[in-house]
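Computed from the coordinates by the stated procedures, all read-outs in this text should not be read as laboratory data. The model shown is predicted, which means the values in this text are computed figures rather than measured ones. Neighbour counts are summed over all protein chains in view; Cβ atoms, including those assigned to glycine, are modelled from backbone coordinates with ideal geometry.
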Amino acid sequence: MFEYKAPLRDYKFVMQEFLDCDNHYQHLGYHDASIEMVDAILSEAAKFTEQVVAPINQIGDQQGCTWSNGDVTTPDGFKDAYSQYIEGGWPTLSQSEEFGGQGLPHSLNTTISEMLSAANHSFAMYPGLSHGCMATLERYGSEQQKAMFMPSLVDGSWTGTMCLTESHCGTDLGLLRTKADLNDDGSYSLNGSKIFISAGEHDLSGNIVHLVIARISDSPAGTKGISLFIVPKFNVNDDGTIADKNGVSCGSIEHKMGINANATCVINFDNAKGYLIGEKNRGLNCMFTFMNGARLGVANEGVSASEAAFQGSLAYAKDRLQMRSMTGVKNPDGPADPIIVHPDVRRMLLTQKSITEGGRALVAKLAHLVDVTHAGKTESEITAANNRLALLTPIAKAFLTETAVENASHGIQVLGGHGFIQEWGMEQLLRDTKICCLYEGTTGIQALDLIGRKVIGNEGKLLNEFTDEILEFCHANQNNSLAEHSAMLIEFVELWTVVTRDIAMKSAKNMDEIGAASVDYLMLSGYITLAYIWLQMAKTAQDAMANSTQEQEFYQAKLNTADFYFDRILPRAHGHLACLRNGAKSLMAIDAEHFSF
């Protein structure tokens, strides 16, 4: 099993050099988030994830969670690690001071979440969903509801979940059957079952607060009749203390491909007491606050998985001796050369490195936009941030998780036979990572959201604002050493614009063209978006090298990685363009009854 090490130097590059977080935080009023404070927090988070969370990752996978008579027990070490997580104040970091939080920026917490997930995906999921639960409560909850639930969620003594899926309906939430009936005291009684509820039952916290979508008895069918409810595992008194057991139970836990140390539960509601949050029949509007935050969280999980795969692969490739380099002996004191000298191993390592570091910068940039939505000074900057998040969230979520699975697979390939056995941790990483492509809407759902709602549904406005920004940056760098990359990116942006227009025209005659194009369109968008990020990071590295004599090797490695991305990763976009041009015809040509096996 490889030892996880938090990439603190790269965090510093992304946050302080690439994104200038100091000016960003000061502008938004986060005056406590000084460079010194940020460095200290990240250093302590690194110690916690490396020394406490990472060591229980493998045993968590081996033991898994156990279910008995409705109770779930987490693997050895998880309860103690979670206690230390609370004692360290980590749940409170970016939460409102009104409810006991530290009031620090969301983007700082995003970096710590990456560490947690890279060190131990299953553990990170227990507190992870609480953030969305709190964001939804803070935005839509009544003052009484906030007083009852927020302080204990903020300090981590309680955790939160999101309960949407039912056995007969996943993404099509309008089909839900969970019912809610009004009680005399203004609360509701909920009856129904939800499945695939991450961290729905466990022994880490004193209470679990479920956000549940259900249909009030007199509400219309479909998505227009969905409401959102707060349903705690234990009932809560008005002063926020725990009362008696609510009608909430865990019917079973799933036996899964991966993330075995996180309990994925069937949750049953039997006359469970719940509280309407937000307006009646407007539950999905409220829930999207949770889901959009969760989608960025899953994009971050993709980066975490790629980072873990890269760390394990790199350590092995430097140590494993196998054959001699084709250009001559590189390790004369050994019987063979380390496999990192071989071009194909470098191809896999650089694929991992370029996607990881580019993805980290993209997620950090989006997290900075979330900061603006929380603390922006003007309506115009808040609107601009929300618009950019609307466009880039589905790209980041789907692209960074699909490439994370590829990078985890590369991790197995670099290790060869050792990658396929349990001791080295790579096969666990691949199993744990695949779920990220499914969470919070599959890749296909994200792709439909992107092309159907955010691009064509918006008549290209959001996309045009983004491509104009990319082209402006490229044109500003046409006369320096980044000119070749800038010209290449300009070409792809122009192709992106043309193919978008073509799909819109085709879909006007046949709506299947949108579905047929969707995933290729999203992947194309992802490769181009990450190219823009890499071009910006290359400029940052160049400027740093010109202004400093220190760490030249670090910055040169950034430039070399940017070169690799433009040489070997961005050209993949041509394949997606070809598929997009070919349209829906071959996809839809065979009648369903003529499929056979």
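If you average the C-alpha positions of region 235-265 and of region 519-577 separately, how far apart do those two centres end up, in angstrom? Rounded to whole Å, the Cα centres lie 43 Å apart.
Between region 141-196 and region 300-378, the C-alpha centres lie 40 angstrom from each other. Which of the three applies to region 510-563, rounded, prolate or oblate, going by the alpha-carbon gyration tensor with a ≥ b ≥ c and a/c under 1.5 meaning rounded? Prolate is the answer for region 510-563, as a/c is 1.5 or above and a/b outweighs b/c. Cβ-to-Cβ counts within 10 Å put 568, 431 in ascending order as 568, 431, the fewest first. Computed extension length for residue 182-residue 142: 12.7 nm, one decimal, from 0.36 nm per residue of separation with the Cα-Cα distance subtracted.
If a spin label sat at a point 7 angstrom from the Cα of residue 280 along the line to its beta carbon, the backbone N atoms of region 167-182 nearer than 17 Å would be those of 179-182. Report, in degrees rounded to the nearest 10, the 0 to 90 angle that the Cα long axis of helix 512-547 makes with the longest principal axis of the chain. Long axis of 512-547 versus the principal axis of the chain: about 60 degrees. If you fit an axis through the alpha-carbon atoms of helix 483-509 and take the longest principal axis of the Cα set of the chain, what angle between them do you get, 0 to 90°, nearest 10? The two axes meet at around 50 degrees. Placing a pseudo-label 7 Å from each Cα along the Cα-to-Cβ vector at residue 494 and residue 581 gives an inter-label distance of 1.5 nm. Kirkwood radius for region 447-588, taken over all pairs of different Cα atoms as the inverse mean of 1/r, rounds to 16.2 Å.
Rounded to the nearest 20 debye, the dipole size of region 9-54 about its Cα centre is 120 debye, using +1 on the Cβ of Lys and Arg and -1 on the Cβ of Asp and Glu. Per residue, the convex hull spanned by the Cα atoms of the chain measures out at 178 cubic angstrom. Peptides 479-488, 548-557, 47-56, 493-502 ranked from most to least packed by the mean count of surrounding Cβ atoms within 10 Å: 47-56, 493-502, 479-488, 548-557.
Partners of residue 585 within straight-line reach, counting aspartates and glutamates whose Cα lies under 18 Å from its Cα and excluding those fewer than 8 residues away in the same chain: 502, 512, 513, 520, 593. For region 286-442, the gyration tensor built on C-alpha atoms gives a prolate shape. Its axis ratio a/c (a ≥ b ≥ c) is at least 1.5, and a/b is the larger of a/b and b/c. With the charge dipole of the chain set up from +1 on Lys and Arg Cβ and -1 on Asp and Glu Cβ about the Cα centre, the Cα lying farthest toward the positive end among the listed residues 433, 84, 293 is that of 433. Close lysine pairs were tallied over region 115-251: pairs 8 or more places apart or on different chains with Cα atoms under 23 Å apart number 10. Could you pull out which residues in region 165-197 have an amide N less than 19 Å from a spot 7 Å beyond the Cα of residue 224, following the Cα-Cβ vector? Counting backbone N atoms under 19 Å from the label point, the list is 172-177.
Take each peptide in 214-220, 271-277, count the other Cβ atoms within 10 Å of every residue, and average; sorted highest first, the result is 271-277, 214-220. In a simple Cβ point-charge model (Lys, Arg +1; Asp, Glu -1; nothing else charged), the chain has a dipole of about 1320 debye relative to its Cα centre. Between 0 and 90 degrees, rounded to the nearest ten: what's the tilt of helix 461-476 against the longest Cα principal axis of the chain? Roughly 30 degrees, rounded to the nearest 10.
Legend: ranking of residues 403, 373 from fewest to most surrounding C-beta atoms inside 10 Å; resulting order 373, 403.
Taking label positions 7 Å along the Cα-Cβ direction at both residue 5 and residue 344, the computed distance is 2.8 nm, reported to one decimal.
A Förster distance of 41 Å, applied to the separation of the beta-carbon atoms of residue 40 and residue 512, puts the FRET efficiency at 0.15.
Residues 187, 252, 122 in ascending order of nearby Cβ atoms (within 10 Å, fewest first): 252, 187, 122. Take the Cβ-Cβ distance between residue 568 and residue 175 as r, set R0 to 35 Å, and report the resulting FRET efficiency rounded to the nearest 0.05. For R0 = 35 Å, the calculated efficiency reads 0.20.
Placing unit charges on the Cβ atoms of the charged side chains and taking the dipole of the chain about its Cα centre, the candidate lying farthest along the positive direction among 366, 145, 243 is 366. Given their separation in residues at 0.36 nm each and the Cα-Cα distance between them, residue 71 and residue 465 gain 136.8 nm when the chain is fully extended.
If R0 is 30 Å, the Cβ-Cβ spacing of residue 379 and residue 479 corresponds to a FRET efficiency of close to 0.20. Distance between the 7 Å Cα→Cβ label points at residue 237 and residue 288: 4.0 nm.
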